[in-house]
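Everything on this sheet refers to the single structure shown next.
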Amino acid sequence: MKGKNVSVSFMLLGIVFCVCLILGNLLAVKQIEFGKINLTCGILIFPVSYIINDCIAEVWGFKKARLVIWTGFVMNFFFVAMCALADWIPGAPYWTMDEGFHQIFGLAPRVAAASFVAFLVGSFSNAYIMSRMKVASAGRHFTLRAVVSTLVGESLDSMIFFPVALGGIVPAGNLALLVLSQAVFKTLYEFLVLPLTTWVVARVKEREGEDVFDRNISYNIFKVSDL
């Protein structure tokens, strides 16, 4: 649009955000064990989406974070829908990998629904807390904001996803342990990479000349066109 400039940094972070969501779905297929705790390989990449969410909310504010979150949701939905279609189409007579393909790409509707709802609640909670805490602290204490927002966002994500996706399948005690371990490990992940996150935020602010404070804005998650 005339008079509008495209921020390369914002665009690249948005692209990586979408890739992380899609890759997280694929990696979550593999179950791993950390000591006595069961996790999925999605933990390797999914927390990165929350780190990017923090960066965008910190630099450009809630409005831009809202745009990226909905973009990620649409791209993830498109990916899951195309995988479901490809899984449904009968394979060629010589194709012998139907079972393996289905295990990776045939995401059950219940799991997909849990994933979408959990993502929206967790991501928007994360961005909202980052935004409100930044205004309240006058831009100070980025580390505290990043950790608190991630802990709340990741906890809500896990509290929604696992009961909806696995309720009635996994025993209640194991389910509670899954929720707790996922939230703790993902938040710990963010804490460990905080020096890198802080450095990226500082460089992006310097490069873009942006440091938005969300005063007098609407936090309606559906006002995507309000930029």
Q: Return yes when residue 73 is surrounded by fewer than 22 Cβ atoms within 10 Å (Cβ to Cβ) and of a type in the set (Phe, Trp, Tyr) and no when it is not.
A: yes
Q) Here are 79, 73, 101: which of them is part of a helix (DSSP H, G or I), among the aromatic types (Phe, Trp, Tyr) and over 16 Å from the mean Cα position of the chain (by Cα)? A) 101
(Q) Among the residues in segment 166-188, are any more than 18 Å from the chain's Cα centre (by Cα) and among the hydroxyl-bearing types (Ser, Thr, Tyr)? (A) no
(Q) residue 132 - would you say it is assigned to a helix (DSSP H, G or I), at pLDDT 90 or above, among the basic types (Lys, Arg) and out of contact with any Asp or Glu (no Cβ under 9 Å at 6 or more places or on another chain)? (A) no
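Matching residues to (1) open to solvent by less than 60 Å² (accessible area, probe 1.4 Å); (2) more than 29 Å from residue 55 (Cα to Cα); (3) assigned to a helix (DSSP H, G or I); (4) touching a Phe, Trp or Tyr at 6+ places or on another chain (Cβ under 7 Å):
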| site | (1), (2), (3), (4) |
| --- | --- |
| 161 | yes, no, yes, no |
| 178 | yes, no, yes, yes |
| 189 | no, no, yes, no |
| 195 | no, no, yes, no |
| 199 | no, no, yes, no |
| 203 | no, no, yes, no |
Q | Search result, residues across segment 144-158 that are of a type outside the set (Val, Ile, Thr), surrounded by fewer than 21 Cβ atoms within 10 Å (Cβ to Cβ) and under 9 Å from residue 126 (Cα atoms) | A | 151
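Among the residues of segment 54-69, is any surrounded by fewer than 20 Cβ atoms within 10 Å (Cβ to Cβ) and over 30 Å from residue 206 (Cβ atoms)? Before you say what the answer is, go through the steps one by one.
In the first step, residues of segment 54-69 are kept if they are surrounded by fewer than 20 Cβ atoms within 10 Å (Cβ to Cβ); the result is 67.
With over 30 Å from residue 206 (Cβ atoms) added as a condition, the list becomes none.
Looking through segment 54-69, none of the residues is surrounded by fewer than 20 Cβ atoms within 10 Å (Cβ to Cβ) and over 30 Å from residue 206 (Cβ atoms).
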**Q.** Which numbered condition residue 120 fails, given (1) outside any helix (DSSP H, G or I); (2) surrounded by 15 or more Cβ atoms within 10 Å (Cβ to Cβ); (3) hydrophobic (A, V, I, L, M, F, W, C)
**A.** (1)
Q: Could you grab me the full set of residues in segment 38-53 that are among the small types (Gly, Ala, Ser) and either open to solvent by 20 Å² or more (accessible area, probe 1.4 Å) or at pLDDT 85 or above (or both)?
A: 49
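Which residue out of 162, 142 is closer than 18 Å to residue 43 by Cα, touching a residue at least 12 places away in the same chain (Cβ under 8 Å) and of a type in the set (Phe, Trp, Tyr)?
Only one candidate passes the filter, namely 162.
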Q. Would segment 25-37 turn up any residue that is in contact with an Asp or Glu (Cβ under 9 Å, 6 or more places away or on another chain) and either surrounded by 14 or more Cβ atoms within 10 Å (Cβ to Cβ) or touching a residue at least 12 places away in the same chain (Cβ under 8 Å) (or both)?
A. no
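The values are calculated or read from the model by the stated rules, or taken from the named source; none is laboratory data. Nothing here was measured: the structure is a model prediction, and the numbers come from that model. Glycine also receives a Cβ, built like all others from the backbone with ideal geometry; neighbour counts cover every protein chain displayed. Side chains are part of the model used for accessible areas, which takes the heavy atoms of the whole protein and leaves out ligands, DNA and RNA. Shrake-Rupley method; radii C 1.70, N 1.55, O 1.52, S 1.80 Å.
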